[in-house]
Amino acid sequence: MADKWRVQVLRSWDEVDDPSFLEQWADWMRRSDDSHVFNHPLLVKTWTDTYRGIWNISPLYVLAEKNDVFVLFPLVLWRMNWKNAFIKKIIPAGYSDYDYHDPLVVGEVVDGELCSFWEAFCRVFLEEWKGVYDVFDLIGIVRPCKNMPWKEEEACPYIDMSRYENYEDYLTKSSKSLRGDIRRKTRMLEKYGTMSFNIYGQDSLDKALETLGIFLNVHRAKWPNAYKAPGFHENLLINTLPANLLHFSEVCINDVPVSWELNFIYKNILYYYMPVFSEEYAKCSPGRVHLSFLVEESFRNGVRVFDFMRGSEEYKRKWANAEAEVYRYGFNRNAFPSRAKFLLRNVMMYAKSG
């Protein structure tokens, strides 16, 4: 008989925040062949530490083991407030703030083994834990199991940089319109003054925090309805910049920033996370010029993949030469207590809208 997955769930903050567990987690990251930056304990803990002060969440960190393969999947149980009828929702740690949520896998995974993990995972949460939650919502999964009813969410364009010798080769093989657009927008921007491209290193935390405040103000003005958890981005910078996981850069005209990029970098993959530019220079497309600096710098530094992540906007497709898909698996429980909460929430939403 084939070995089965041995699954346990860590349910206390003391367990998942224990320094020895975090150290083991960091070691799993180093040993994993395909871990992504959002698996990293620094990013996960930054999110949980921030949101524990805002939401009522508790950990459900899944640990699974089979033969020489180990899986860590950090989830949380979100007990929503009265405005949401006290609905209880299981979500990945990081949820909508992070793009990818595939579990961390350590060891060589043979064909079908990941599917067998998802089957074991579902047995735990769909059968043994079904009375714990009302909503189950897994998002941002790149490697789903075909035996489950995953729903395709959106495309994630990226540049496979191994196809090119260098940045010049990349530009030569890109579309004529992209090359022309970069040259034209660069010339337009340079008419305003001396242009510079600056990257905040791991030793420039204080200056980076000062710039981050400006960056966030510009971002809020451009996207006023985009929720930003208080302190989250500051904590992200404090925790990940010194660890060389964050790539924070700006393009300046006469030493005045006109474009900012808050990205991640891990195992030679750059994750294009949060860009914004000054509307004053919008006709010059400073974000596009900034992107050209980033791609060029990525080639110089041996980046293998420039990942634009979720959202297949047209500008991303112009730069990308490949794309992945992310999937979602979620449902509302049909038990009476859950249905009563959903009904109550709908009534409250209707009353509010009226």
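Structure notes:
- When we screen Leu138, Leu114, Leu126 for residues that are part of a strand (DSSP E or B) and either of a type outside the set (Lys, Arg) or in contact (Cβ under 8 Å) with a residue 24 or more places away in the chain (or both), the only hit is Leu138.
- The C-beta contact set for region 160-171 (first residue closer than 12 Å to Gly302 by Cα, second residue among the basic types (Lys, Arg), distance under 7 angstrom, 6+ apart or interchain) comprises Met161/Arg304; Ser162/Arg304; Tyr164/Lys173.
- Selected residue [touching a residue at least 12 places away in the same chain (Cβ under 8 Å), in contact with an Asp or Glu (Cβ under 6 Å, 6 or more places away or on another chain) and under 30 Å from Arg304 (Cα atoms)] from Asn268, Asn263, Asn198, Asn235: Asn198
- Any chance Ile199 is in a strand (DSSP E or B) and at negative phi: yes
- Lys185 being of a type in the set (Lys, Arg), open to solvent by 60 Å² or more (accessible area, probe 1.4 Å) and closer than 23 Å to Pro286 by Cα: no
- Residue check for Lys267: basic (Lys, Arg) and on the phi < 0 side of the Ramachandran plot: no
- The single condition among (1) in contact with a Ser or Thr (Cβ under 6 Å, 6 or more places away or on another chain); (2) not in a loop (DSSP other than H, G, I, E, B) that Ala229 does not meet is (2).
- Condition met for Tyr192 (touching a strand residue (DSSP E or B) at 6+ places or on another chain (Cβ under 7 Å), open to solvent by 50 Å² or more (accessible area, probe 1.4 Å), of a type in the set (Ser, Thr, Tyr) and within 30 Å of Glu280 (Cβ to Cβ)): yes
- Of all the residues in region 90-124, those that are farther than 13 Å from Val76 by Cβ and aromatic (Phe, Trp, Tyr) number 4.
- Selection within region 155-182: residues that are open to solvent by less than 40 Å² (accessible area, probe 1.4 Å) and of a type in the set (Val, Ile, Thr). The member of this set that is nearest to Phe277 (Cα to Cα) is Ile182.
- Neighbours by Cβ (under 6 Å, 6+ apart or cross-chain): first from region 98-110, without any contact (Cβ under 8 Å) to a residue 40 or more places away in the chain; second polar (S, T, N, Q) and in a strand (DSSP E or B): none
- Which listed residue is within 23 Å of the chain's Cα centre (by Cα), at pLDDT 95 or above and of a type in the set (Phe, Trp, Tyr), from Tyr158, Tyr164: Tyr158
The values are calculated or read from the model by the stated rules, or taken from the named source; none is laboratory data. Since this is a predicted model, take the numbers as computed values, not measurements. Every residue, glycine as well, gets a Cβ built from its backbone with ideal geometry; the counts of neighbours run over all protein chains shown. Surface areas here come from the heavy atoms of the whole protein model, side chains and all, with no ligands, DNA or RNA. Shrake-Rupley method; radii C 1.70, N 1.55, O 1.52, S 1.80 Å.
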